[in-house]
Amino acid sequence: MIHNSNPSSMNERADMYPSRSNLKAQFIKRKEPIVYSAPSVKPPLDQSLIDQYANDGFMVVEDVFTPEEVAMFRRELNRLRVDPAIEASGETITEYDSDEVRSVFRIHQVSEVFKRLAGDPRLAGIARYLLDDDVYIHQSRLNYKPGFHGKEFYWHSDFETWHVEDGMPAMRALSISVTLTENHTNNGPLMLIPGSHKEFVVCEGHTPAEHFRSSLKKQDYGVPNDGSLCELAAQGGIFTATGKPGSIIVFDCNTMHGSNSNISPFPRSNAFIVYNAMSNRVGAPYCDRSVRPEYICSRDSISPIATGADYD
Ligand code: 6CS
Ligand code: FE
């Protein structure tokens, strides 16, 4: 695999991570830190977890939320799945081969429960520490992955999509996935490739118009080719993130991840909150397509999230 440390820019703006252009699949060494806070700053979690995050690109923390909080999240999960206002808005994403609900986006705006979750210091505090900046919600969603019918999320780097299609300049964002049902080996848990966050994987092909209409159901562009994946997996292996309800999986924007279809009877439903640094606000897409809608990528509603205390 070619390692190109200084690719030609495809846009007038310095595009240090061009992808889906005429470049062949290749790796570009990550330029940014992973943990932005200085070592002298006391982390909100055990240092061993921070070290794991820096090295692997993710960490799993169990028992973050109580069973009562999880029960509240589950009630809201079920309410939003059939919320007529959301369905009427056209923002509900269904599976490509059924009417089963796959994802509901911008839950931090349509739900008081998940707005509080997004601002909860147990999440936002971790994001602020790792990104060493005020943060805003770039995207939030519920991925339902229902029993029997929940389809896969093919391997991808979120940053590759957020850079190319949303104009996110640098790797200074992360996702926190909150497990709302048991995530076990049989119901399509998140799989991550340790160490993959250190290489930007250039993807081949061009971004179709209104790509989100298909990519959120089944992603065929902005995915690494087999050679790139073989190399990453050979280096880092594949980690399967299992956890009881109320756990969190924190992963860097550039960590390669995916999840298999769920043919078990047990749903694997998680909430995802994506925190972006205020200094890394999205701009014009790096691809020659129009911007994605607000429910997928915050653009008009960018403001630092208040601390949890402001939600009391
Ligand atoms: O396009 C996006 O922003 C979404 N796609 C995937 C597969 N993960 C990140 C995000 O939800
Ligand atoms: Fe993703």
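What is the dipole size for segment 1-145, taken about its Cα centre, with +1 at each Lys and Arg Cβ and -1 at each Asp and Glu Cβ, in debye to the nearest 20?
Roughly 400 debye, rounded to the nearest 20.
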Counting other C-beta atoms within 10 Å, which of Met171, Met256, Met16 has the fewest, and how do the rest follow? Met16, Met171, Met256
Order by neighbour count: Met59, Met168, fewest other Cβ atoms within 10 Å first, most last. Met59, Met168
Pairwise Cα inverse-distance average, inverted: Kirkwood Rh of the chain (Å): 19.5
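What translational diffusion coefficient, in µm²/s and rounded to a whole number, does the Stokes-Einstein relation yield for segment 1-138 at 25 °C and a viscosity of 0.890 mPa s, taking the hydrodynamic radius as the Kirkwood radius over Cα pairs?
In µm²/s, the coefficient rounds to 129.
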Helix-derived [θ] at 222 nm for the chain: sum -39500 (n - 2.57) over DSSP H runs of at least 4, divide by residue count, nearest 500? -6500 deg cm²/dmol
Using the Kirkwood radius over Cα pairs of segment 147-236, the Stokes-Einstein translational diffusion coefficient at 25 °C and 0.890 mPa s, in µm²/s and rounded to a whole number, is 165
To the nearest 20 debye, what charge dipole does the chain have about its Cα centre, counting +1 at the Cβ of each Lys and Arg and -1 at the Cβ of each Asp and Glu? 140
Got a sec? Charge dipole of the chain, +1 on Cβ for Lys and Arg, -1 for Asp and Glu; which of Gly147, Tyr129, Tyr221 is way out at the positive end? Tyr221
Pairs to check: Lys198/Lys218; Lys145/Lys198; Lys115/Lys217; Lys29/Lys244; Lys24/Lys198; Lys29/Lys217. Give those whose C-alpha atoms are more than 27 Å from each other in this structure. Lys145/Lys198; Lys29/Lys244; Lys29/Lys217
Obtain the nm distance between the two label points defined at Ile238 and Gln109 by a simple spin-label model: each point lies 7 Å from its Cα along the Cα-to-C-beta direction. 3.5
FRET efficiency, Ala71 to Phe148 (Cβ-Cβ, R0 25 Å, nearest 0.05): 0.60
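Every read-out reported here was derived from the displayed coordinates using simple, explicitly stated rules and does not represent laboratory data. Here the structure is a predicted model, which means the values were calculated and not measured. Positions of Cβ are backbone-derived with ideal geometry, glycine not excepted, and every protein chain shown enters the neighbour counts.
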